[in-house]
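The values are calculated or read from the model by the stated rules, or taken from the named source; none is laboratory data. All values reported here derive from a predicted model rather than from experimental measurement. In this analysis, Cβ positions are derived from the backbone assuming ideal geometry, glycine residues included, and neighbour counts consider all displayed protein chains.
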Amino acid sequence: MTGFIIRRLGQAIVVVLGVTLITFILLHLLPGSLARDILGNRATPQAIEQFNQQNHLNQPFFVQYWYFLDQLLHGNLGYSYQFNRSVDSLLKTDLPRDLVLGGLSLIFSLVIAIPTGIAQAVKRNSAVDYAGTGVSFLLYSMPQYAIALLLIQFLSISFHVFPAEAPQSTSAIGMLEHPAGLVLPVLSLTLVTYAAFSRYMRSSAIDTLAQDYIRTARAKGLPERLVLMRHLLRNSLVAVVTLVGLSIPLVLTGTLIIEQVFNYPGAGLEYFQAALRNDYEVMLGITVLVGVITVVGNLMADIGYAILDPRIRY
Amino acid sequence: MTDIDTTAPSEVELLPPPEGGEVASSGSPWVLVARTFAQNKLALVGLAFVLLVILFSFIGPIIYKTDQINPNLIAVNLGPGGGHPLGTDSSGFDILGRLMKGGQSSIEVGIAVGIVSTVAGLIYGAIAGYFGGALDGVLMRLVDVGLAIPIVFLFIFMAQIYKPSLGLLIFLLTLVSWLIPARLVRGETLALRTREYVQAVQVMGGRSWRIITRHIIPNTIGVIMVTVTFQIANAILTLAVLQYLGFGLPPTTPTWGSMLSDGTTYLQDGYWWEVYPALIMIVITVVAFNFIGDALQDAFDVRLQER
Amino acid sequence: MQRFKRSTLAIIGVALVVLFAAACGSSSSSNSSSSNSSSSSSSSSAGLATSGPGLTQPTTGSGSKVSGGTVYFTEGSDAPPNYIFPMYNFQVCSTTNANQLMNMLYYPLYTYGENYRPTVDYSHSIGQAPVTSNGGKTFTIHLNPYKWSDGETVSARDLVFWMNVMKASPATEWCGYAPGYFPDNVVSYSAPNPSTFVITFNKAYDPEWVLYSELSQIFPMPMAWDRTSLSQPAPTSDNGSLPDTTKSGAAAVYKFLDTQSKDLGSWATSPLWSVVDGPMKLQSFNTDGRVVLVPNADWSGTPKVSISQLVELPYTSEAAIYNTVKSSGPAGATIANIPSQYAPQLSSLGAEGYQVNKAASYSFNYFPVNLNSNATTSPGGEPVRYVFRQTYFRNALQHLVDQQGWIHAFLYNTAVPTCGPIPFSPPSPLVDTSSISFSPCSFSDATAQQLLTSHGWKVVPNGTTTCQNPSLCGAGIKQGEGISFNIDYQSGVVAVQDEMNDLASNAKKVGITINLTTHPFSTVVATGAPCMPSAASCKWTAENWGAGWIYGPSYLPTGEPLYNPGSAANAGSYSDAQMTSLIGQTITGPLSGESAALTTYAKYVSQQDPVIFGPTSVGTYGGYAATLISNKLAGYSANALGFLQPQYWYFTK
């Protein structure tokens, strides 16, 4: 197992490098001058030249990439022109807030989806199953922003139950201190995530319930509750573990829409705005971060597989 | 945990216990699939909806002709009624007619992306999962890299270089969509290759390719089918989201997503007809595909088929 | 400076200003005060002032004066302040920074735009009316008594300090920079005594132009800033050898102040930025863009500040702005800038306790066509720039723009028709716009068609119009050539999309094919840059970023940055000797002829259509419909150039 982890760590580093390289390449393939994008197309030639000098833009590609890597290794993720701050400082404030939003939604989704998915699988084709299916399908089939806007329309504008804007605190703790403002964003994100999770949970549980060892356990007279918890839950979790592993990077970039609709100050929106303004250092910095987190997420998913299913060995 | 009836037999056991004596002929496997499928009411509803939507989008404009090219400035934002059953949008286009035209693009994109991405991911994931080891490592790292690059970024990049067209969007959506099926199939394959029947074939000297195509892939069909439908649904939804974020096609190529996102700009002004019809079309279509996928999954599960 | 729609306010805006004295004045809140009219009554025909309370007279509030209170102001979507040092460069040249932050802290030499007039206000300025001498080349300015918050008097030495630093490297430091103009055209400057500043230019310019477009670019800076690191003590008096007295020292001072200004987290506690001479000072700044300003107790100007806090709220989307206003009303948003898609809601929002104010800032909307483009037209495959270079073609294209239709259908009557670079609203006593006609911009398929046919084109409605008589079509246009080109517009704004779609549809009716593409804002702006036909990248034909040009920090609507060849804001590389001469007349002509010179210039622009004009929105930012002012806020009046002036506001019961 330790050998496996070490190997995977090595692979992780390779992946991160690959991500930075591809992102870097794509950004430098963009037509037009980066200096023009940042400084505006009224900038004087001198200003553009100065910008190019400062950012090594006149150097060959791999030299620039080397500067970037060197910067990264010193913990410097770059500098944002739009916000006039280092990318680090941007992320330091954004990430914890994203974790609040993404983390809460992930937890709620799992807590609701796992039991309901299993219940639907066990009581297959019953009224409960159909109702559950109907609800998840409906939620899953709506664009995220539509759900968010509908929630705002009904719970905030028509009936002033919750505020339409997320709390604007600079820290994660600060966000949590205003739970009323968190309800709608978290609810929107949870509804969509729950729908997907419960579908997969259900289909995975159905697969497992059809296995012979379940029938055997039942035939041996094991109480249904134990059958479900000891056998079904563990084996069905493979799909869920995959989803969680994949969802972790989405905590950063997938909350983009929610952040925009609710004015939630997070990294997903930061990234999008940076992309629109070709604030490329922010894009690079966040992409590198997402790369690292994805790899970590997948690693955890793989370890999770191994724990859950003793037959899986590497 | 919900209360489970611990005395009644599990509902999963649909098969009567085998009786001694003759074994009835069961027909070809596909007939069984079709029969099981047909027994699922929701699936039939889904199928019906998909067919209706396709008819609506492709045949509809032949019957109900509207001008979707030239704006009509004196007829903007009209509510339903008086010649426009679903009202008009901010450029004066008839919404019902635009739904039809939009349906064409949305469905084309959805189906193209859904199928191609799943097939690609399926093959990729099965190979990675079956062979394992270094090959799996490399292949999955590539998937990781792909998943790590945010979709938004890729789209912005592409949109700045190339003229956004439906073809380009299909290509890009496929490019980002095949990764998830690949990962899921690989996960399933990892579990499957340790199953007894796979090991049995290996002992008997079966070739890897044969094992993959004859034993591994068919047993992942359940996951695949669900995946395809979710992929189609995702593609239609992602297209809608992308247009909300501003990566749009020119207004001469409407899609439900663009109608929805443009409409939400004016939602607060009470122009609900610019929002909900497109939303309902998206939801109906996506839900229908999901019903179908779900039922297909059940139908492919051998233990559930009635012989 | 270039005006941007909504979120595009920041950054890009700066570039435009550079050219001549138009440093970004940032037009933030342009609230026109007029009576409490409903939303549908905006200006109906060309040139009328827009409506709402606080237009030319301050609002009166709802009762007797109450001192104190917090004003909440909604910033534009995606446009938080990101710079505080008044010598802003290209990157940070924006409305938000200049009008909604800097001008309230660091008072400029002259203040402009009060009561919805784009004119100078000597009674509230640091500088008195300048006196000319030396054949019109030298300006002597006496200063009114103002003090910095650290006790130092605002003196002419502070102005010399600004000039020293600016002169060190303006091309990379100052958004308002244009080669040949300020500060290149400044020959000398000095402070013969603490309350007199003398500046000499290289020739005798029209003094009105100097006042509005050159002197407007000067801010006094406190001695406390004249150092190159925080560890140096802040100078308290001029010993004659402060760093700014040498060129390298001045450059070092700039670098220091620039670096400090970029450290957003340090603003609130910085010993530099706390030295203010304006009505407000910074209490706190949250890196998301939430600004809290409080009155400067040492403010020497008038009136004294009555409110106790000005809080600027940042937003990441327009929907969020609307939602806040809708759900919390005047208690949560005292002054709210409403994006134009919510214009139908204005009266219902007003019912929550607001007055609706529609004031165009001193700006105009347009998009450039590239007269140097090497994109080819079809049929024919010839460069389409030869068609663009024909004035009659641009006129025809302008006649296909249905401004009234767009204002009514897409903009909910929250924009004014525009036919030239001199806005009719807000009205200016400096230029007589009554004789400027809107007819060159009238919507008429027939006129467009007639223009084409009379110049040798065979017009095929809904088909392909081709040139049949090349000698009439124009130089470089070949027999059988058609007219087809691309318009690339900003994505994400439905109104712009609808407008361009309509234009393409109208063009089709006279056989012109317009292909539409859409890209994110910064790409559109970056693409629309002046280029030479020999450059491969000079392929763009028309770029529409959804807004236009806002005057600032040059406030006289002369056209040097826009239509002179070689100017950075002349995206389409338009070049015409007559235009250059008329513009020159507005800059160097006599004062007595200034108004006439401006009118002549404006008329010529309408006839030439160097760019294609479109409706100009009547909100604070491009694409914003109106500004809502709480009924309880009195003393508010629209500043024609977008400055926030909280010293005039007060709450009422």
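Would it be correct to say that C:G380 is closer than 28 Å to C:T447 by Cα and surrounded by fewer than 24 Cβ atoms within 10 Å (Cβ to Cβ)?
Here the answer is yes, as C:G380 does meet what is asked.
Every residue in the range C:252-293 that is surrounded by fewer than 18 Cβ atoms within 10 Å (Cβ to Cβ) and among the hydrophobic types (A, V, I, L, M, F, W, C), please.
Once the filter is applied, which keeps residues that are surrounded by fewer than 18 Cβ atoms within 10 Å (Cβ to Cβ) and among the hydrophobic types (A, V, I, L, M, F, W, C), the range C:252-293 yields C:A268, C:V292.
When you go through (1) out of contact with any His (no Cβ under 9 Å at 6 or more places or on another chain); (2) farther than 27 Å from B:L237 by Cβ one by one for A:R202, which number turns out not to apply?
(2)
When the residues of the range C:135-188 are filtered to those that are charged (D, E, K, R) and in a loop (DSSP other than H, G, I, E, B), which remaining residue is surrounded by the most Cβ atoms within 10 Å (Cβ to Cβ)?
Once the filter is applied, the top-ranked residue is C:E152.
Determine, yes or no, whether C:G353 is surrounded by fewer than 24 Cβ atoms within 10 Å (Cβ to Cβ), within 11 Å of C:S630 (Cα to Cα) and modelled with pLDDT under 95.
Details: surrounded by fewer than 24 Cβ atoms within 10 Å (Cβ to Cβ): yes; within 11 Å of C:S630 (Cα to Cα): yes; modelled with pLDDT under 95: yes.
Against the criterion (surrounded by fewer than 24 Cβ atoms within 10 Å (Cβ to Cβ), within 11 Å of C:S630 (Cα to Cα) and modelled with pLDDT under 95), C:G353 qualifies.
Just checking, which of A:G285, A:G266 is within 14 Å of chain C (Cβ to nearest Cβ), in contact (Cβ under 8 Å) with a residue 24 or more places away in the chain and surrounded by 24 or more Cβ atoms within 10 Å (Cβ to Cβ)?
Answer to the selection: A:G266.
Looking only at helices (runs of 4 or more DSSP H) that fall completely inside the range A:139-255, which ones have 1 or more residues that are at pLDDT 75 or above and either among the charged types (D, E, K, R) or closer than 30 Å to C:S284 by Cβ (or both)?
Where helices (runs of 4 or more DSSP H) fall fully within the range A:139-255 and carry at least 1 residues being at pLDDT 75 or above and either among the charged types (D, E, K, R) or closer than 30 Å to C:S284 by Cβ (or both), they are A:144-152, A:172-176, A:179-209, A:212-219.
If you take the residues of the range C:260-313 that are among the charged types (D, E, K, R) and not in a strand (DSSP E or B), which of them is nearest to C:F651 (Cα to Cα)?
C:K304
Got at least one residue in the range C:359-379 being over 30 Å from C:L313 (Cα atoms) and either within 14 Å of chain B (Cβ to nearest Cβ) or free of Cβ contacts under 8 Å to residues at least 12 places away in the same chain (or both)?
Yes, the range C:359-379 contains a residue that is over 30 Å from C:L313 (Cα atoms) and either within 14 Å of chain B (Cβ to nearest Cβ) or free of Cβ contacts under 8 Å to residues at least 12 places away in the same chain (or both).
Just the residues that are aromatic (F, W, Y) and either surrounded by fewer than 24 Cβ atoms within 10 Å (Cβ to Cβ) or farther than 18 Å from C:K262 by Cα (or both), please, taken from the range C:70-84. Even if it seems obvious, please write down each step before you answer.
Let us first name the residues in the range C:70-84 that are aromatic (F, W, Y), namely C:72-73, C:83.
Residues satisfying the conditions are C:Y72, C:F73.
I'm told C:G480 meets every condition in (1) within 22 Å of C:V416 (Cβ to Cβ); (2) more than 9 Å from every other protein chain (Cβ to nearest Cβ) except one. Can you identify the failing condition by its number?
Unmet for C:G480, out of (1) within 22 Å of C:V416 (Cβ to Cβ); (2) more than 9 Å from every other protein chain (Cβ to nearest Cβ): (1).
Would you pick out the residues in the range A:197-210 that are within 8 Å of another protein chain (Cβ to nearest Cβ) and either touching a residue at least 60 places away in the same chain (Cβ under 8 Å) or closer than 17 Å to A:S109 by Cα (or both)?
Scanning the range A:197-210 gives A:R199, A:Y200, A:S203, A:I206, A:L209.
Between residues in the range C:165-181 that are within 10 Å of chain A (Cβ to nearest Cβ) and free of Cβ contacts under 8 Å to residues at least 60 places away in the same chain and residues that are surrounded by fewer than 24 Cβ atoms within 10 Å (Cβ to Cβ) and of a type in the set (V, I, T), which pairs lie under 6 Å by C-beta distance while being six or more apart or on different chains?
Partner pairs satisfying both residue conditions: C:A171/A:T44.
Among the residues of the range C:396-411, count how many are surrounded by 21 or more Cβ atoms within 10 Å (Cβ to Cβ) and either in a helix (DSSP H, G or I) or more than 11 Å from every other protein chain (Cβ to nearest Cβ) (or both).
As a first pass, look at the range C:396-411 and keep what is surrounded by 21 or more Cβ atoms within 10 Å (Cβ to Cβ): C:396-403, C:406-407, C:409-411.
Checking the rest, the ones that are also either in a helix (DSSP H, G or I) or more than 11 Å from every other protein chain (Cβ to nearest Cβ) (or both) come to C:396-401, C:403, C:406-407, C:409.
Residues meeting the conditions: 10.
Determine which single condition C:V525 fails, assuming it passes every other condition in (1) part of a loop (DSSP other than H, G, I, E, B); (2) within 26 Å of C:Y621 (Cβ to Cβ); (3) more than 10 Å from chain B (Cβ to nearest Cβ).
Result: C:V525 fails condition (1) only.
Need pairs with beta-carbon distance below 6 Å; first residue more than 7 Å from chain C (Cβ to nearest Cβ) and within the range B:260-272, second in a loop (DSSP other than H, G, I, E, B) and not hydrophobic (A, V, I, L, M, F, W, C); sequence gap 6+ or separate chains.
B:Y271/B:N77
Going through the range A:219-232 one residue at a time, which ones are surrounded by 19 or more Cβ atoms within 10 Å (Cβ to Cβ) and facing chain B (nearest Cβ under 10 Å)?
A:V227, A:L228
Of the conditions (1) of a type in the set (V, I, T); (2) under 24 Å from C:I84 (Cα atoms); (3) more than 26 Å from the chain's Cα centre (by Cα), C:V165 fails just one. Which one is it?
Only one criterion is unmet by C:V165, namely (3).
Given the options C:G278, C:G332, name the one that is within 14 Å of chain A (Cβ to nearest Cβ) and either more than 27 Å from C:I126 (Cβ to Cβ) or small (G, A, S) (or both).
C:G332
Here's a check for you: in the range C:492-512, which residue that is of a type outside the set (A, V, I, L, M) and free of Cβ contacts under 8 Å to residues at least 60 places away in the same chain is surrounded by the fewest Cβ atoms within 10 Å (Cβ to Cβ)? Break it down into steps so the answer makes sense when it comes.
Within the range C:492-512, the subset of a type outside the set (A, V, I, L, M) is C:492, C:497-499, C:501-502, C:505-506, C:508-509, C:511.
If we keep only those that are free of Cβ contacts under 8 Å to residues at least 60 places away in the same chain too, we end up with C:492, C:497, C:501, C:505, C:508, C:511.
Values: C:G492: 24, C:Q497: 25, C:N501: 23, C:S505: 21, C:K508: 18, C:G511: 21.
Within the range C:492-512, the match that is surrounded by the fewest Cβ atoms within 10 Å (Cβ to Cβ) is C:K508.
Against the condition over 21 Å from C:F201 (Cβ atoms), within 14 Å of chain A (Cβ to nearest Cβ) and modelled with pLDDT of 85 or more, how does C:P520 come out, does it pass?
Spelling it out, it is not the case that C:P520 is over 21 Å from C:F201 (Cβ atoms), within 14 Å of chain A (Cβ to nearest Cβ) and modelled with pLDDT of 85 or more.
May I ask you to list the residues in the range C:90-124 that are crowded, with 21+ Cβ neighbours inside 10 Å, small (G, A, S) and more than 14 Å from every other protein chain (Cβ to nearest Cβ)?
Passing the criteria: C:A98, C:G113.
Are there any pairs, at least 6 apart or on different chains, whose C-beta atoms fall under 7 Å, with the first in the range C:450-475 and more than 27 Å from C:D502 (Cα to Cα) and the second crowded, with 17+ Cβ neighbours inside 10 Å and among the aliphatic types (A, V, I, L, M), and if so, which?
Close Cβ pairs (under 7 Å, with a partner that is crowded, with 17+ Cβ neighbours inside 10 Å and among the aliphatic types (A, V, I, L, M)) amount to C:P470/C:I477.
Which residue pairs have Cβ atoms closer than 7 Å, lie 6 or more positions apart in sequence or on different chains, and pair a first residue in the range C:411-431 that is under 17 Å from C:A359 (Cβ atoms) and in contact (Cβ under 8 Å) with a residue 12 or more places away in the chain with a second residue that is crowded, with 24+ Cβ neighbours inside 10 Å and among the basic types (K, R)?
The qualifying pairs are C:T414/C:K358.
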